[in-house]
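All remarks here apply to the structure that follows.
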Amino acid sequence: MAHLSLDTKKIDYCRKMAEHISKPIEEMIHSHTTVAIERATLRLLGVNGAVKKSGQWYPEVNVIIDSLQKADKLADGILPYFVNAMIAKKMTATELGTAVASNQVDLFAIPMGKRAEIEKKAHELCTAGKQSILDAREYRDGIRKDTNDRFDPEGKNGPLLYVIVATGNIFDDVIQARAAAQAGADAIAVIRSTAQSLLDYVPHGATTEGFGGTYATQENFRIMREALDDESRKLGRYIRLTNYCSGLCMTEIAALGALERLDFLLNDAMYGILFRDINMKRTLIDQHFSRRIIAVSRIVIHTGEDNYLTTADAVENGHQVLASQFINERFALNAKMTQDLMGLGHAQEMDPEHPNVFLLEIARAQMTRDIFPKSPIKFMPPTRHKSGDIFYSHLMDAMFNFVGVLTGQTIQLLGMMTEAMHTPLLQDRYAAIRNARYIFNGAKDLGQEITFKPNGQIEKWAEKVLDDTIALLETVDRKGMKLAIEERAFAEVSRRETGGKGFDGVAPRSANYLNPFFEIL
Amino acid sequence: MSNDSSQAKTVDLKRLKPYGDIMGDGTIQICFTLPVEPSPEAREAAIMLCEKMGLESIKLATMEKAGEGFSMFVIYGNMKQTVDFTEIHVVKVESTKRGRDEIDEIIKTHIGRKLVVLGACTGYDAHTVGIDAIMNMKGYAGDYGLERYQWLDARNLGAQVLNEELLKLAIREKADVILVSKVVTQHNIHVRDLKDLIKRAKQLGLDKKIIFVAGGPRVTHPLALECGFDAGFGVGTKPSDVASYIIDEFLNRREEFEGIPNPLKANATDDTALIEKPVPTPKPASSPKKSISAKKTPSRASQSPTKKGQSAKKAKPAAKKAKKKAKKK
């Protein structure tokens, strides 16, 4: 594989700065909790039912944590009260969850037992919760082995073909996903219903209606994974499943994704802040806990830096992507994730009419590969400059595939010729997969046959982006991450520390706070 | 070299049909998927469907297995049907295209205060690409965004703004214009959201005070009108297209409601001089673009501030005709 000769001292310096930037955030993370962390905790203990509320399913964990918040006890966490009640009522977590959600038990009316006993029991429960993640992981590893999974985070086996389904109906999604797998797709992402990230609860059960996608629910995860297991065995090729671990419920989606054996989760330390206007504190605290679960489950995350290039100019803002990748990497390391689980994201979104645009795109793709050699790089297709000319769009996707295989990207989200028109039709996906297979096959070893001209346009561009990244990280470091985001350091978006959605779900931990998952995971 | 019989035929606008390589051949290409395995029967089924569409000389270019139980087809055929191009009247946004400096100058001189423009993606729509392109400083395709206009107080509210919140803010900020971008269209959610906004605006008596503009990849001007908006813009719209429309519409309305003559219309003297035919004579080779600048006639006088449903001024037949509902056929 051809590599750029980038200054490794500069790269090391970037990592040092990212670490320094994360320090004050880490302190905040470990001194706070959120409603979403408490809900995910209960889910890992086995509370996964729902109650009907004005005609819709509302999760038991929400009923319970709502009451915790109403009692003004969020700062303690749910476990002191919940475990106390489990001991007093001699119920399992699942039983108690149902009893509390149906108003049969009032957690806060039960006299508190001995703290030591509660802590011991909580520790046991959390250990068992972790074990359920490990069991699911082991089961998943078994299927991967049976189906000769050849996934290589470093991308040495060529880019993995990743496509989306988005019918809104999980059962139609299954049909589309199976067809895509049969046509050659390696990974299926079920796009979520638009704005699910802003729901402060995870919808329940199998769903057949959604807007622009299908609701992420535990049951939908299970249905799709079951279908893909079947398809993987039939095809003798492991098919991965992706969903979205962002938004107000990122911790819970991580828990459900781990239990239902998802392979990939879109998960970004800053995406919610910038692109969904979710409160900064809430996002930073939640992303940590979600990644702790992900680290144990060994799910590969995909970070969302591609979004910077769709909102800000892709030629001018390469350094924002790189700076954010360093920050995402650092937060993931802080959550005990290893580099082979960090699918750092970027995209081919430059103006197609920019002179020598492919030199710049190759530079950005190659530098991402070279700076994060152990990480499975996630490469996103052109969207911004696509319109309704499907033929031109198909050609853009071909060039995107070419850059992907040339520069050794790991996970290639295939572009759709009908981008900006509708969610993909079966034939759109088929054409996209053929396009990718043709190019990935035909140029498989090209990257190994070429070298980049020293000091040529490609290397110079990469060096420039790296220098700009240093300048940006220095600014973020000097100002602190919160102020930097307020002053539009990323994606030209400004967010304030106390603004955005979900802020009321954040509380500083009290001395009484109890959650053994922070040690166990 | 050529004699009469080999001369290329020219277009017959009375009987317009698709063009492949010979005028009037009616050639079209079709791609679709059938939920059956590829087979001779599937092939026949695809051809029969095309026959039912009214195609002749059907050529099945390919039948591909696009998954178990699915076959994808690419088919060519010739259409018999024609349309009378001369009878087509499409409702378009009526405005004169101007640049940023000129627009700023017009507002400064003739309005004397900044126009307040609020932009948002409403409902659950989280796709801000469109509204960002129009509103944000940077703009789109080299055309600066409305935030950059000195005489526009343009504020991008971003994604997932609820209709009631948007209107509340519009009242508080005394908005002159509301721009709504809709990208997600599943289950026609965009239409529902747009209609809901106007319904709420009417209840608050804002529909005449504020200029409502919709935009998005699947938004057209007629669709926007149908939803009760004043104008709609689709893909490729530049910020200055929207700004041009805003000042024309603002000044027209001021004339209609406050009797202050629209200074931009001062030079337009004779309405009857307007060309009756609203469709510009197409040049043979270049397809007429759907952008607002496609309007060739300098018919400033025809820009009556038609409000949804209200008929245009009687004295302006051309305008009235152009503003009628999209009549395709």
Can you work out ³J(HN,Hα) from phi for every residue in the stretch B:88-102, in order, using Karplus 6.51 cos²θ - 1.76 cosθ + 1.60 and θ = phi - 60°, giving whole Hz and x for Gly and Pro?
-> 8, 10, 10, 6, 10, 5, 9, 6, 9, 5, 10, x, 4, 4, 5
Over the stretch A:219-274, what per residue volume does the convex hull of the Cα atoms give, in whole Å³?
-> 73
Residue-wise, which Karplus ³J(HN,Hα) couplings in Hz belong to the stretch B:23-39, taking 6.51 cos²θ - 1.76 cosθ + 1.60, θ = phi - 60°, and x for glycine or proline?
-> 4, x, 6, x, 6, 10, 10, 9, 9, 7, 10, 10, x, 9, 4, x, 5
Applying the Karplus parametrisation 6.51 cos²θ - 1.76 cosθ + 1.60 with θ = phi - 60° to the phi angles of the stretch A:485-500, what ³J(HN,Hα) value in whole Hz is obtained for each residue in order, glycine and proline being reported as x?
-> 5, 4, 9, 6, 5, 10, 6, 6, 10, 10, 9, 9, 4, 9, x, x
May I have the extent of the alpha carbons of the stretch A:147-458 along their three principal axes, as whole Å values ordered from largest to smallest?
-> 54, 41, 38
In whole angstrom, the spacing between the Cα centers of the stretch B:239-253 and the stretch A:269-344 equals 41
How large is the charge dipole for the protein assembly as shown, taken about the Cα centre, if only the Cβ atoms of Lys, Arg (+1) and Asp, Glu (-1) carry charge, to the nearest 20 debye?
-> 2200
Average beta-carbon neighbours from other chains, 10 Å sphere, peptide A:423-430 = 5
Which entries in the list B:17/B:59; A:9/A:453; B:168/B:208; A:52/B:168; A:16/A:281 go over 27 Å, if you measure between the two C-alpha atoms of each?
-> A:52/B:168
Per the stretch A:34-129, sqrt(5λ) over the Cα gyration tensor eigenvalues, sorted largest first, in Å, gives 20, 14, 13
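Per residue of chain A, what 222 nm ellipticity follows from adding -39500 (n - 2.57) for every DSSP H run with n ≥ 4, rounded to the nearest 500?
-16500 deg cm²/dmol, from helical runs alone.
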Inter-label distance for residue A:124 and residue B:68, nm, one decimal - labels placed 7 Å from Cα along Cα-to-Cβ = 4.6
Can you work out the base-10 log of I(q)/I(0) for the stretch B:1-150 at q = 0.20, 0.21 1/Å, using the Debye formula on its C-alpha atoms alone?
-> -1.13, -1.20
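Suppose R0 equals 30 Å. What FRET efficiency, 1/(1 + (r/R0)^6) with r the Cβ-Cβ distance, do residue A:483 and residue A:460 give to the nearest 0.05?
It comes to 0.40.
Give me A:146, A:370 ranked fewest to most by other Cβ atoms within 10 Å of their Cβ, as a rough exposure proxy.
Ordered from fewest to most neighbouring Cβ atoms within 10 Å, A:146, A:370 come out as A:146, A:370.
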If you project the alpha carbons of the protein assembly as shown onto the principal axes, what extent comes out on each, in Å, largest first?
-> 96, 66, 59
Relative contact order (percent) for the stretch A:318-438, with alpha-carbon contacts under 8 angstrom and 6 or more residues of separation?
-> 23
Extending each Cα 7 Å along its Cβ direction at residue A:353 and residue A:10, get the distance between those two points in nm, one decimal.
-> 3.1
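For A:177-184, what's the mean count of beta carbons from other chains sitting within 10 Å of each residue's beta carbon?
Rounded to a whole number, the mean comes out at 4.
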For residue A:234, counting only aspartates and glutamates whose alpha-carbon sits under 20 Å away and dropping same-chain residues fewer than eight positions off, the answer is A:141, A:146, A:149, A:172, A:173, A:186, A:226, A:263, B:37, B:68
Select from A:94, A:367, A:273 the residue farthest towards the positive end of the dipole of the protein assembly as shown; place +1 on Cβ of Lys and Arg, -1 on Cβ of Asp and Glu, and compute about the Cα centre.
-> A:273
In nm, to one decimal, how far is the residue A:315 label point from the residue A:453 one, both placed 7 Å along Cα→Cβ?
-> 1.9
Could you tell me the largest-minus-smallest coordinate of the C-alpha atoms of the stretch B:207-267 on each of the three principal axes, in descending order and whole angstroms?
-> 36, 23, 15
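My understanding is that a pair violates if its Cα-Cα distance is over 22 Å; which of B:202/B:265; B:92/B:182; A:156/A:374 do that in this structure?
B:202/B:265, as the Cα separations exceed 22 Å there.
Over all residues in A:275-283, what is the mean tally of Cβ atoms on other chains that come within 10 Å of each residue's Cβ?
On the way: counts 4, 4, 4, 0, 0, 0, 0, 0, 0.
Average neighbour count from other chains, rounded to a whole number: 1.
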Which aspartates and glutamates, on any chain, are close to residue A:89 with Cα under 20 Å apart, when same-chain ones fewer than 8 places away are left out?
-> A:60, A:106, A:117, A:119, A:124
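No value in this document is a laboratory result; all are computed from the given coordinates. Everything quoted here is computed from the prediction, not taken from an experiment. Ideal geometry is used to build each Cβ from the backbone, glycine not excepted, and the neighbour counts take in all protein chains shown.
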